[in-house]
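To start, the structure itself, in structure tokens.
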Amino acid sequence: MASQNLQIHRFPQNNYIDSLRWLPQLSAFQHHIILSSFNQESSTSSLQILNYTSNQELTFQTSLITPSRITSLKTSQNPNKPLIVASTFSGSLLLYTADLVNGSLEFIDSVPEKGEKAGFHSGRVSGIDVSENGVDFVSVGEDGRVNLVSFVDGKLSYKRVFDGNGLVSYGAVKWASPVEFVSGGLGFGLQWWDQRRPGGPVSQFKANWTHGITSGIVHSIDIHPSRKHTCLAGGSSGTVFAWDLRWQQQPIMLSGVGTSDLSALSPAESDVWEVQYDNYTTSSNYRNISESRVLPAMICSEDGILAVIEQGEEPVELLAEPCAINSFDIDRQNPSDIVCSLEWESIAILTRS
């Protein structure tokens, strides 16, 4: 994998950043970023929209206070009025819409409604995802609950898919198709769900390659649009692996625990907080590209590493910070652009060439 030329711009912020995402691009000269921040002194959380121009200037546009601290943030890809979905520590899901032309942010609805005790999630919602249609969401929690949420006629509604009754705990979730999604949680386990076959996961991957030496949790999942049978997962101890539904018994190890002789290639030794397929990086092994080869991926970690990894190749380190990199996002429309949040109340924007 060839090294990459980088432009890196850092922007100090006033508060701790929990999560951030690129918003759909309206023009080639302006990017918008949605971020959730937390004020330690007032214990308040807010959503903010920032404008990043072609002159490498980052300016504040608007913000709204949220009723609880944000745990996960996802967006739809409608460039006119993108939906912003946020999950919270208190067990709710919040829906907003952004007007990028006028720079405004509007609250739409939440699940559960304020005062409702029906039990959407009990405690922290650890993972959410937005389907390609932009109106169906899936949520998982540390309480072992899996919920489907729909946005119809301007209102949110949900149905319970599964309740582990506290016997299982989920850390991440990702749509694979309009009716399928993958969840991950304790023990590096993954579960494949299909709405056409209700009652529980239709397939499960139990990671036992460590032979009880270590345990971990999946923090992030990604699925490539052109390879929906392969799930990418990142979690504790720098672990990144792929699960191919066609060969379900063995993981394809990319980094971290269980990589044996490839463990030296692991760019991070602590928790991998986020993992995404990197559509900008072309595989260095052109001749051996096949459906069984895992495409290049990007990770960020607790020990301050932002890197691109590829199966059997040396990782390419993009950032090495003295603090955790909590989250990052690759611009879908311009994969050369990356935004990430640093634990020391700062944003870094990287442009590759």
Quiz prompt | Relative contact order %, region 1-115, counting alpha carbon pairs below 8 Å whose residues are six or more apart | solution = 18 percent
Practice problem: Apply the Karplus parameterisation 6.51 cos²θ - 1.76 cosθ + 1.60, with θ equal to phi minus 60°, to every residue of region 239-247 and state each ³J(HN,Hα) to the nearest whole Hz, in sequence, with x for glycine and proline. | Solution: 7, 9, 8, 10, 10, 9, 4, 7, 10
Quiz item: Where in region 73-111 does the label zone of residue 60 land, with the point 7 angstrom along Cα→C-beta and an amide N cut-off under 17 Å?
Solution: 103-105
Quiz item: In a shell of Cβ-Cβ distance under 9 Å around residue 99, excluding residue 99 itself, what net charge do Lys and Arg (+1) and Asp and Glu (-1) give?
Solution: 0
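Using the number of other C-beta atoms within 10 angstrom as an exposure proxy, rank 328, 29 with the fewest first. Mind showing how you got there, number by number?
Values: 328 24, 29 10.
The fewest-first ordering by Cβ neighbours comes to 29, 328.
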Quiz item: Which of 341, 255, 54 moves most in a GNM of the chain, Cα contacts under 10 Å?
Solution: 54
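Would you list 280, 52 from fewest to most Cβ contacts within 10 Å? Could the numbers behind the result be given before it?
Details: 280 16, 52 21.
In order of increasing Cβ crowding within 10 Å: 280, 52.
Just want the ordering: 181, 38, 107, from fewest to most Cβ atoms lying within 10 Å of their own Cβ. Could the numbers behind the result be given before it?
Numbers: 181 26, 38 18, 107 15.
Least to most surrounded, the residues fall as 107, 38, 181.
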Quiz item: Each residue of region 341-353 in turn: what ³J(HN,Hα) in whole Hz from Karplus with 6.51, -1.76, 1.60 and θ = phi - 60°, glycine and Pro shown as x?
Solution: 10, 9, 4, 7, 6, 8, 10, 10, 10, 10, 10, 9, 8
Quiz item: Under 5 Å between amide H atoms, partner at least 5 residues away or on a different chain: which partners does residue 93 have, H built in plane at 1.01 Å?
Solution: 111
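Compute the relative contact order of the chain as a whole-number percentage, counting only Cα pairs closer than 8 Å that sit 6 or more residues apart in sequence. Numbers along the way, then the final one.
Values: 963 pairs, mean separation 47.2, N = 353.
Rounded, it is 13 percent for the chain.
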Exercise. Would you kindly derive the ³J(HN,Hα) couplings of region 101-112 from the backbone phi angles with the Karplus curve 6.51 cos²θ - 1.76 cosθ + 1.60 (θ = phi - 60°), listing them in order in whole Hz, with x for Gly and Pro?
Key: 5, 9, x, 10, 10, 10, 6, 9, 6, 9, 10, x
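FYI, it's all coordinate maths here, none of it is from the lab. Predicted model, so just to flag it, every value in this text is computed and none were measured. No Cβ is skipped: glycine too gets one built from the backbone with ideal geometry, and neighbour counts run over all protein chains shown.
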